[in-house]
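The block underneath contains the structure these notes are about, expressed in structure tokens.
The values are calculated or read from the model by the stated rules, or taken from the named source; none is laboratory data. Owing to the predicted nature of the structure, the values given are computational and were not obtained by experimental measurement. Here Cβ is always computed from backbone atoms with ideal geometry, including for glycine, and neighbour counts include all displayed protein chains. Calculation scope for accessible area: heavy atoms of the full protein, side chains included, ligands and nucleic acids excluded. Shrake-Rupley method; radii C 1.70, N 1.55, O 1.52, S 1.80 Å.
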Amino acid sequence: MPAVLLTGATGYIASHTWLALQEAGFDVIGVDSLVNSSARVLPRLQQLSGRDPVFVEGDVRDAVTLDRCFDVGQARFGGISAVVHFAALKAVGESTEKPLDYFENNIGGLLSVCQAMKRHGVHDLVFSSSATVYGKPESLPITEDAPLRATNPYGQTKLIGEELLRELERCDPRWHIACLRYFNPVGAHPSGLIGEDPRGVPNNLMPYVAQVAVGKRAHLNVFGNDYDTPDGTGVRDYIHVCDLAEGHVAALRYLAEQQRSLTVNLGTGRGYSVLELARAYGDAAGREIPLVFAPRRPGDVDACYADPRAALETMGWRATRGLPDMCADSWRWQSLNPLGFEG
Ligand code: NAD
Ligand code: WQD
């Protein structure tokens with residue numbers, strides 16, 4: 001059976017998707033420049049799947065690298081049938097400091113991947129989009145037809161990426177594209193062998209809480225407690241990374257079987273506040289998370305959670321894992337690997 005090419009393959013979400021795809025019977029080829037991940041994830045994938053990962057190191061903006069991926073796919077698996085494009089820079093704050101780097105990497109990378117797919121006659125693409133395309137939501141839960149707006153250069157790259165892809169499929173109906181708008185991916189594989197391994201100070205809540213729990217950081221700064229939410233702290237739709245990974249399997253099946261494009265939210269539909277998440281994490285880790293209330297973080301919204309019904313109705317996918325699983329699995333990964341993959 002032809003294989004699926006994952007770009008950004010050694011990253012957080014892609015490494016979990018790699019396993020989910022293999023479990024579902026797909027062969028996988030990965031490509032990554034390692035700009036924000038470690039090749040040390042590869043032996044862990046080997047350990048979990050019992051198969052040697054097929055991996056090409058390189059930048060997706062480089063046509064030669066991508067042609068090599070398609071050649072390896074041909075030699076090893078008789079071809080590549082679809083691409084899941086994860087590779088991107090994703091730090092919102094950094095994107096405001098280096099907007100051109102984000103435009104070049106995220107939009108340039110997407111165009112380069114599409115050009116390579118065209119050269120090799122492959123037209124099924126899954127694109128990692130984000131709930132960031134909704135900006136400050138006007139109503140909750142958020143449905144896919146809500147107004148779209150970018151509030152930072154990173155978000156702009158996702159919005160432009162989606163728009164370019166919709167134009168591409170309008171002009172050339174051979175393309176079938178799934179834009180998956182992830183809400184807040186958290187947690188880790190239940191084995192504790194792979195998980196999120198941020199470089200430097202984590203930008204996102206759960207990895208920060210995990211580092212507090214393991215003793216790497218003294219306390220959690222709670223950014224704002226005067227939001228229009230039940231306890232005053234920000235509310236988000238946290239989704240277990242393994243549920244998210246299975247969403248990609250569902251999307252690839254949808255593209256192959258239905259031969260049409262789709263854009264769906266991948267969330268649980270349930271929001272949790274910062275305080276609820278910190279408490280649940282403390283329960284999972286068996287220790288309290290010390291909190292310090294701090295000013296709001298610029299650009300943050302009060303609450304953001306998905307209406308996840310479209311993903312269920314179109315591709316039969318829904319999230320099944322709850323907040324206790326997300327915290328327990330994150331804690332297993334964090335406590336077994338306090339220094340991440342490089343430890
Ligand atoms: P990640 O940083 O762990 O993974 C991205 C991977 O892409 C990294 O391994 C990085 O080395 C690689 N990469 C970046 N630019 C590259 C390039 N030009 N060529 C080759 N490899 C390159 O991030 P993640 O959290 O796994 O995110 C995966 C995708 O999901 C990204 O597109 C991100 O924007 C999107 N997303 C993430 C979140 C989140 O909160 N984690 C939410 C919504 C959307
Ligand atoms: C969640 C809540 C913070 C850290 C970001 C990107 C978004 C998407 C997912 C890629 C908020 C609060 C956080 C901390 C805190 N990424 N918080 N202390 O902001 O919903 O989304 O990641 O597409 O584009 O913007 O997630 O995890 O950063 O924050 O109190 O140390 O936790 O204020 O209410 P966010 P987050």
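For the reader, a short list of remarks on this structure follows.
- Neighbour net charge for His189 - beta-carbon separation under 10 angstrom, K R +1, D E -1: +1
- Residues whose amide H falls under 5 Å from that of Thr143, counting only those 5 or more places apart or on a different chain, are Asp307, with hydrogens built in the peptide plane.
- Using alpha-carbon coordinates, inclination of helix 63-77 to the longest axis of the chain, degrees: 80 degrees
- Amide H contacts of Val56 (H built 1.01 Å from N, in plane; Pro and chain starts excluded): Gly30, Val31, Asp32 sit under 5 Å, all sequence-distant by 5 or more or on other chains.
- Here the dipole of the chain is about 300 debye; that uses its Cα centre as origin and unit charges on the Cβ of Lys and Arg (positive) and Asp and Glu (negative).
- Percentage, to the nearest whole number, of Cα pairs in the chain over 31 Å apart: 28 percent
- Calculated from backbone phi, Karplus (6.51, -1.76, 1.60) coupling profile of segment 331-343 in Hz, x at Gly/Pro: 5, 4, 4, 5, 6, 7, 10, x, 9, x, 5, 7, x
- For Arg260 and Ser191, a Förster radius of 30 Å and the Cβ-Cβ distance give a FRET efficiency of 0.25, rounded to the nearest 0.05.
- The modelled label-to-label distance for the pair Glu342/Arg297, using points 7 Å beyond Cα in the direction of Cβ, is 2.2 nm.
- The 3J(HN,Hα) values that the Karplus relation (6.51, -1.76, 1.60; θ = phi - 60°) gives for segment 145-157 are, in residue order, 8, 5, x, 10, 7, 9, 10, 7, x, 4, x, 4, 5 Hz. Gly and Pro appear as x.
- Per residue value of the accessible surface for segment 1-118 (all protein chains in place, 1.4 Å probe), Å²: 42 Å²
- For His176, nonlocal amide neighbours, meaning residues 5 or more places apart or on other chains whose placed amide H falls under 5 Å from its own, are Asp124, Leu125.
- Compared with the direct C-alpha span, the chain from Ile160 to Val214 gains 15.6 nm at full extension, assuming 0.36 nm per residue.
- Note that segment 5-21 has calculated 3J(HN,Hα) couplings of 8, 9, 8, x, 5, 8, x, 4, 6, 5, 5, 6, 5, 3, 5, 4, 5 Hz, one per residue in order, obtained from phi through the Karplus relation 6.51 cos²θ - 1.76 cosθ + 1.60 (θ = phi - 60°); glycine and proline are x.
- Dividing the summed helix terms, -39500 (n - 2.57) for each DSSP H run of n ≥ 4, by the number of residues in the chain produces a 222 nm estimate of -12000 deg cm²/dmol to the nearest 500.
- Partners for Lys118 among lysines (Cα-Cα distance below 24 Å; same-chain residues under 8 apart left out): Lys158
- Considering only Gln22, Val56, Gln74, the residue lying farthest towards the positive end of the dipole of segment 1-82 is Gln22, judged by Cα position with unit charges set on Cβ.
- Atom-type composition of the exposed protein surface of the chain places 50 percent of the accessible area on carbon and sulfur (1.4 angstrom probe).
- Average accessible surface area per residue within segment 222-343, 1.4 Å rolling probe, Å²: 46 Å²
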